[in-house]
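The values are calculated or read from the model by the stated rules, or taken from the named source; none is laboratory data. Since the structure is predicted, the reported quantities are computational estimates derived from the model, not experimental observations. A quick note on method: Cβ atoms are made from the backbone with ideal geometry, for glycine too, and the neighbour counts reach across all protein chains shown.
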Amino acid sequence: MNWLLAALAAGSGGYCGWRVRRGGLDPACSGHHRARRESDVLEAAMGLGMAGMALLPGVFWGWPYALLAAVLLVGALAGRGAGLRAHRLHHGIGALAMAYMALAMAGGGGGPGGHAGHHAQPGGLPVLTGALLVYFGAYALWEGSRVLAVGGGAVAAPLPRACRAAMGIGMFAMLLSM
């Protein structure tokens with residue numbers, strides 16, 4: 001099952017990376033466009049980091065994922081774009097959740113001889129894990145409903161939302177496995 005989650009996260013992260021690459025590097029872009037690009041960069045990094053955490057949770061014993069989460073948190077908080085403040089907050093929560101899972105991996109079975117996604121003892125704090133489960137479950141449902149609300153319009157329009165919904169589902173699944 002981990003390979004499926006890794007494929008979902010890598011596909012979402014790869015799509016966001018493709019959007020960044022396709023957008024070019026125009027320093028004169030508008031504030032909203034810059035905020036969208038920053039969001040795509042953060043989502044690409046988060047998707048690829050989630051794929052690594054899902055596929056190879058015990059290989060690095062958590063510290064590279066915690067470092068990635070720290071970088072994502074700084075990126076979310078230091079965003080220069082004028083818009084998308086709520087989306088930056090979501091990235092900050094996602095980065096903190098990744099750091100939390102990485103630390104739980106390191107301390108709860110992710111080290112030598114343990115495999116974080118398959119250990120017998122729960123990792124992390126149940127209350128915090130529960131709160132994050134509620135948040136990412138609600139986020140995935142909200143983004144998914146926005147994809148469905150677009151309806152039969154252009155295919156390209158709902159893809160970013162579908163990727164965000166997929167990554168919300170991925171975070172939910174990873175938290176659930178703790």
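Summary table
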read-out: Residue match in region 66-85 (condition: closer than 18 Å to ARG161 by Cβ, crowded, with 20+ Cβ neighbours inside 10 Å and at pLDDT 70 or above); value: no
read-out: Sole residue being in contact with a helix residue (DSSP H, G or I) (Cβ under 8 Å, 6 or more places away or on another chain) and either at pLDDT below 70 or of a type in the set (A, V, I, L, M, F, W, C) (or both), chosen from LEU125, LEU132; value: LEU132
